[in-house]
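The values are calculated or read from the model by the stated rules, or taken from the named source; none is laboratory data. All values derive from a computational prediction rather than experimental measurement. Cβ coordinates were reconstructed from backbone atoms using ideal geometry, including for glycine residues, and neighbour counts include every protein chain displayed. Only protein heavy atoms, including side chains, enter the accessible area calculation; ligands, DNA and RNA are left aside. Shrake-Rupley method; radii C 1.70, N 1.55, O 1.52, S 1.80 Å.
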Amino acid sequence: MGSSASDELIGTWVTGWAGARGYESRHEGRVHAALRHDTSGDWEYVIYEPSNEELVAVAETLHKHPKRRLTAFANETSTLIDAAGAAGLKVLNSDEVLMVTEMSGHDVEEPRPADGFSFQIERDQAHAYVSIHPDEDPQVVAASGHVSAVNGYAIFDRIITAPDFRRRGLGSLTMRALVSLALEHDVEEGLLIASIDGQQLYKSLGWTDLGNVVLFEGRQES
């Protein structure tokens, strides 16, 4: 399949990400949006390689609705950041990358939990949630993550290892469990957005960069 980033791919990512988190989502032309009811309580717009006109239009909306945000995907971020600044947008985060992997190259064997830990798996149609819990305190979530199957893609989200449980391979274990769940569906490639912390883990698991992700807010009235 060999994806390159595109508006269609970003729309698919939004559908899977919003679905995993229970967000309402909309797709209006090139502008995708998700209602982040659990954080800002408002809409986040998502655009692939936004034009100057799109940036100006979004900046006007963000100015009127200060809790709204724009996530922009771009191969080259300095031009995007300059254009967004000129339109009246401010960078909140530019450290994340969109990553992709061929699902066929991944271990399909269902992983076993590490010694002293157990898995919990929840499935809901095209979505699955995995959490790993220490046997001595099953209420504690040591690591967790989501995956959604959309249009032949597995979209991974919120892969988190709790600080007290890092460096024990639980992040890799969570990913392997999610991959085995995703492969129950007809998926060819995986997509995720990786923070700086996560990028090394995913590279070690065979993921490659597909583009940069920049989060913007509107300029706040001082």
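Here is a yes/no grid of residues against (1) surrounded by 17 or more Cβ atoms within 10 Å (Cβ to Cβ); (2) modelled with pLDDT of 95 or more:
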site	(1), (2)
L183	yes, no
L192	yes, yes
S204	no, no
V213	yes, yes
F216	yes, yes
S222	no, no
Inset, instruction - Assess whether R158 counts as being open to solvent by 40 Å² or more (accessible area, probe 1.4 Å), in a helix (DSSP H, G or I) and within 21 Å of A114 (Cα to Cα). - result: no
Inset, instruction - Name every residue in region 78-106 that is within 23 Å of S148 (Cα to Cα) and either open to solvent by 50 Å² or more (accessible area, probe 1.4 Å) or of a type in the set (S, T, N, Q) (or both), in order of residue number. - result: E96, T101, E102, S104, G105
Legend entry - Flag if H27 is touching a Ser or Thr at 6+ places or on another chain (Cβ under 9 Å), closer than 24 Å to T79 by Cα and not in a loop (DSSP other than H, G, I, E, B): no
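Yes/no per residue for (1) assigned to a strand (DSSP E or B); (2) closer than 15 Å to R123 by Cβ:
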| residue | (1), (2) |
| --- | --- |
| Q139 | no, no |
| S148 | yes, yes |
| M175 | no, no |
| G190 | yes, no |
Inset, instruction - Take region 62-77 and flag every residue that is surrounded by fewer than 13 Cβ atoms within 10 Å (Cβ to Cβ) and under 17 Å from D209 (Cα atoms). - result: E76
Legend entry - Cβ-Cβ under 7 Å pairs, at least 6 apart or on other chains, region 61-77 side under 8 Å from F216 (Cβ atoms) and modelled with pLDDT of 95 or more, far side in a loop (DSSP other than H, G, I, E, B) and open to solvent by less than 70 Å² (accessible area, probe 1.4 Å): L62/R68; R69/S40; A72/P50
Legend entry - Close pairs from region 44-60: first within 15 Å of T12 (Cα to Cα), partner open to solvent by less than 40 Å² (accessible area, probe 1.4 Å) and among the polar types (S, T, N, Q), Cβ under 6 Å, at least 6 apart: V46/T71
